[in-house]
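Each reported figure results from applying straightforward, stated rules to the coordinates on display, with no laboratory input. All figures in this text were calculated on a predicted structure; none of them were measured in a lab. Cβ: placed from backbone, ideal geometry, glycine included. Neighbour counts: every protein chain shown.
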């Protein structure tokens, strides 16, 4: 039992380290052929949104809104996938409820 607890503590420390490393990474995703770019960090925080002038049409705000939503959703999904891959490496593919 003592050995099991030690292994669990080591895994927890490794997981915290990976989470910290992922938190500092920035993922850039674009939509509309690069017309809208979103940068998200590993904490799932949007760091920036860049919009090309050509996509800003006062008569078609809905298209711009759709491009922003698409880029943000893809960026968040990409960060989540990356986090899941890194955690699965640590847990040897074991699914631990509440972890990811």
Global form of region 47-90, assessed from the alpha-carbon gyration tensor, a/c cut-off 1.5: prolate
Compute the FRET efficiency between residue 20 and residue 51 as 1/(1 + (r/R0)^6), taking r as their Cβ-Cβ distance and R0 = 35 Å, and round to the nearest 0.05. 0.65
Given the C-alpha centroids of region 12-57 and region 63-88, what is the distance between them in whole angstrom? 8
Enter the angle in degrees (range 0 to 90, nearest 10) between the Cα long axis of helix 61-90 and the first principal axis of the Cα atoms of the chain, meaning the one along which they spread out most. 20
Residue 92 to residue 69: extension gain in nm, 0.36 nm per residue of separation minus the Cα-Cα distance? 4.9 nm
On a 0 to 90 degree scale, rounded to 10, what angle separates helix 2-24 from the longest Cα axis of the chain? 20
Label corresponding to semi-axes √(5λ) of the Cα gyration tensor in Å when calculated from the structure given, among [x] 30, 23, 9; [y] 21, 17, 15; [z] 39, 11, 8: [z]
Can you compute the helix-only [θ] at 222 nm over the chain? Use -39500 (n - 2.57) per DSSP H run of at least 4 residues, normalise by all residues, nearest 500 deg cm²/dmol. -19000 deg cm²/dmol
Expected output is a single nm value to one decimal: the length gained when fully extending between residue 39 and residue 4, i.e. 0.36 nm times separation in residues minus the C-alpha distance. What is it? 8.6 nm
